[in-house]
Amino acid sequence: MKFATYQHAGKRYVGVVDIEADTVAPFDLSQAQAQRGVACLIDAETLPETLPETGPPVALADVTLEAPLPRPDRNIFCVGKNYFEHAHEFSKSGFDSSAAQGAVPSEPIIFSKVPDCVIGPDQKVLIDPEVSEAIDYEAELAVIIGKGGRGISKEDAMDHVWGYTIVNDVTARDLQGRYSQWIVGKSQDTFCPMGPWAATRDEIDVADTGIRCSVNGETRQSSNTGLMIFDIPTIIEAISAGVTLKPGDVIATGTPAGVGIGFEPPKYLKPGDVVEVEIDGLGKLKNGCGRWRA
Ligand code: MG
């Protein structure tokens, strides 16, 4: 199933997406529940009979989609340099403060983005030229945790996955290079587009799913989630070894080759650009770019 968080007639709803019909059917939820986005369903979804009733479907064209988790409860966990070709292109860019450890990491590189930088589909990534003009895109499959836990083994890890969504891990490369911790370059306001909806884990085969990114219609990234260096069970085992994962946590699993700094000269994002990230079975996340202090 696919679940969307959206605005309709001035209120936030969470509903079931019907791709064929191009509609979304709202769950019967309180406004307090709907404020949490699809997170309010995650506990219920472990007991499917408790999913709320849905009302009459509405055309997707008549609603404004938001990020499925408009404001996650905690930072978004992210994995750096998790595809071989991207690890090499990033290592050569001059912005890799982890390059001393070699191009390809021997252990997953885990960093995070603050929840406040999440934006929804069609919202603008805002570029502040006084802070950075080295803005880059990163198409990523994001895991949404269902059942929390600590010390989760690889063997059990997929039982803790509720579903997936798309994240564009927008990055200020110069800030990423300046600070050895990446959080500032990764958490700039508006730098975490997420959506267009969340799909339950049965909807895609993460061992073989196409992932692509285009800028202004030009394909920049085209790969497959089966090519991750550290697969999802390995990532979950690594994080949860000592950090208790909670329902609704989001883990962005890294980006394939073809980011802006992989080009010579680099192809950075600028106001007016349109970035589309597409993952087979999860849809397309489209965001324009604007400017702070227009
Ligand atoms: Mg990334």
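The values are calculated or read from the model by the stated rules, or taken from the named source; none is laboratory data. All values reported here derive from a predicted model rather than from experimental measurement. Cβ atoms come from the backbone with ideal geometry, glycine included; neighbour counts cover every protein chain shown. When the accessible area is computed, the model is the full protein with side chains, heavy atoms only, and any ligands, DNA or RNA have been set aside. Shrake-Rupley method; radii C 1.70, N 1.55, O 1.52, S 1.80 Å.
Scan the range 175-189 for residues that are open to solvent by 10 Å² or more (accessible area, probe 1.4 Å) and either closer than 26 Å to Ala207 by Cβ or within 16 Å of the ligand (Cβ to nearest atom) (or both) and report the count. Spell out how you get there, then give the answer.
Residues of the range 175-189 that are open to solvent by 10 Å² or more (accessible area, probe 1.4 Å), as a first pass: 177-184, 187-189.
Filter once more, keeping what is either closer than 26 Å to Ala207 by Cβ or within 16 Å of the ligand (Cβ to nearest atom) (or both): 177, 179, 181-184, 187-188.
Residues flagged as open to solvent by 10 Å² or more (accessible area, probe 1.4 Å) and either closer than 26 Å to Ala207 by Cβ or within 16 Å of the ligand (Cβ to nearest atom) (or both) within the range 175-189 amount to 8.
Could you list, in sequence order, all residues of the range 100-131 that are free of Cβ contacts under 8 Å to residues at least 60 places away in the same chain and within 16 Å of the ligand (Cβ to nearest atom)?
Answer for the range 100-131, where residues must be free of Cβ contacts under 8 Å to residues at least 60 places away in the same chain and within 16 Å of the ligand (Cβ to nearest atom): Ala103, Ile109.
Name the residues in the range 124-160 that are part of a loop (DSSP other than H, G, I, E, B) and buried (at least 19 other Cβ atoms within 10 Å of the Cβ), would you?
Ser132, Ala134, Tyr137, Glu138, Gly146, Ile152 - these are the residues of the range 124-160 that are part of a loop (DSSP other than H, G, I, E, B) and buried (at least 19 other Cβ atoms within 10 Å of the Cβ).
Of these, Ile211, Ile232, Ile204, Ile236, which one is more than 15 Å from the chain's Cα centre (by Cα), surrounded by 23 or more Cβ atoms within 10 Å (Cβ to Cβ) and closer than 30 Å to Val16 by Cα? Quick ask: steps written out before the conclusion?
Details: Ile211 fails: more than 15 Å from the chain's Cα centre (by Cα); Ile232 fails: more than 15 Å from the chain's Cα centre (by Cα); Ile204 fails: surrounded by 23 or more Cβ atoms within 10 Å (Cβ to Cβ).
None of the others qualify; the one that does is Ile236.
For the range 77-97, which positions are more than 16 Å from Ala134 (Cα to Cα) and open to solvent by 50 Å² or more (accessible area, probe 1.4 Å)?
Hits for the range 77-97 are Phe84, Glu85, His88.
Please pick out the residue among Phe84, Phe95, Phe90 that is within 16 Å of the ligand (Cβ to nearest atom), touching a Leu at 6+ places or on another chain (Cβ under 8 Å) and in the same structural domain as Arg178 (by TED's automatic domain parsing).
On the way: Phe95 fails: touching a Leu at 6+ places or on another chain (Cβ under 8 Å); Phe90 fails: touching a Leu at 6+ places or on another chain (Cβ under 8 Å).
Among Phe84, Phe95, Phe90, only Phe84 is within 16 Å of the ligand (Cβ to nearest atom), touching a Leu at 6+ places or on another chain (Cβ under 8 Å) and in the same structural domain as Arg178 (by TED's automatic domain parsing).
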